[in-house]
Amino acid sequence: MGVARSAAAALLVISGCSSLYYSSMKKLGREKRDILVSRIEDGKEAQQEAAREIKTAFEAFQEVTNFKGGDLEQAYKKLNKEFEDVESRAKKVHDRVNSIEKVASDLFLEWEQEVAKMSNGRLKEESRTLLAGARDRHRKLMRQMRASEAKMKPVINVFRDQVLYLKHNLNARAMQSLRKQVVEIDDDVAALIKEVELTTQEADRTIAGLANAAE
């Protein structure tokens, strides 16, 4: 019972914060639709940045596995730094996608309530059609964004394994044992980059659809 009350209280706080935020934005001339467009842009950019970071980390991994002499400790530190950056970018992607979902949910609820208040049958039906189209585009975008996010996880897991393994095995034999994974990771990175490209296209279509609905 206490847990349920705490959860309900937390929900009220979150809801109150959201309402205050939307109210503040409205005073600045920014409606929920405008906020959603900004969030989608942010989410798209976060995924693009994460993909670039993963590609850079993969290149650092290739350097380590092709190690032919020099400062092995330095090579490991570089790889570890790249891995930490990748984890940070992935977390940002997750947060951005969640943020898009929250604003979209609030926008569609408001839109639905406003449609229900309409008395003109023709305008009401047209508005329902626009809302249904916007919701459909949003579902497609979320599926694509979650798919891109999911593609990051196996790559990050492999990088984590490599970094932890190398932490205690900084020698040429360890480098050689990891070399066989390069091709496998290369395929995963290529698939991820392709997925992010599809996400970018879907995000642009969604933004265009929201702009058309507003006209």
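Each peptide in 155-162, 141-148 gets a packing score, the mean of other Cβ atoms within 10 Å over its residues, and the list from highest to lowest is 141-148, 155-162.
Packing, as the average of other Cβ atoms within 10 Å across residues, places the peptides 127-137, 196-206 in the order 196-206, 127-137, highest first. Relative protection proxy for 187-194, 76-83, from highest mean packing down: 76-83, 187-194 (other beta-carbon atoms within 10 angstrom).
Which of the helices in the chain, when you take each full DSSP H run, stretch at least 24 Å along the axis at their Cα atoms and have an average Kyte-Doolittle score of -1.0 or higher? Both cut-offs are met by 2-27, 32-65, 72-116, 121-167, 181-214.
Using the Cβ atoms and a cut-off under 14 Å, what net charge is assigned to the surroundings of Ser88, where Lys and Arg are +1 and Asp and Glu are -1? Walk me through the numbers before you get to the answer.
Details: positive: Arg52, Lys81, Arg89, Lys91, Lys92, Arg96, Arg160; negative: Glu49, Glu53, Glu82, Glu84, Asp85, Glu87, Asp95.
Result for the local shell: 0.
The relative contact order of the chain, computed from alpha carbon pairs under 8 Å that lie at least 6 residues apart in sequence, is 31 percent. Taking each DSSP H run with n ≥ 4 as -39500 (n - 2.57) and averaging over every residue of the chain yields -33000 deg cm²/dmol at 222 nm.
Which pairs, out of Lys92/Lys140; Lys26/Lys151; Lys102/Lys151; Lys27/Lys117; Lys27/Lys194; Lys32/Lys55, put more than 30 Å between their alpha-carbon atoms? Correct reply: Lys26/Lys151; Lys27/Lys194; Lys32/Lys55.
Counting pairs of Cα atoms in the chain, how many percent are more than 33 Å apart?
Everything past 33 Å amounts to 36 percent.
Values quoted throughout were computed directly from the atomic coordinates according to the rules given, and no laboratory measurement underlies them. Note that the coordinates shown come from a computational prediction; the quantities given were computed from them, not determined experimentally. As a convention, Cβ positions derive from the backbone with ideal geometry for all residues, glycine included, and neighbour counts pool all protein chains shown.
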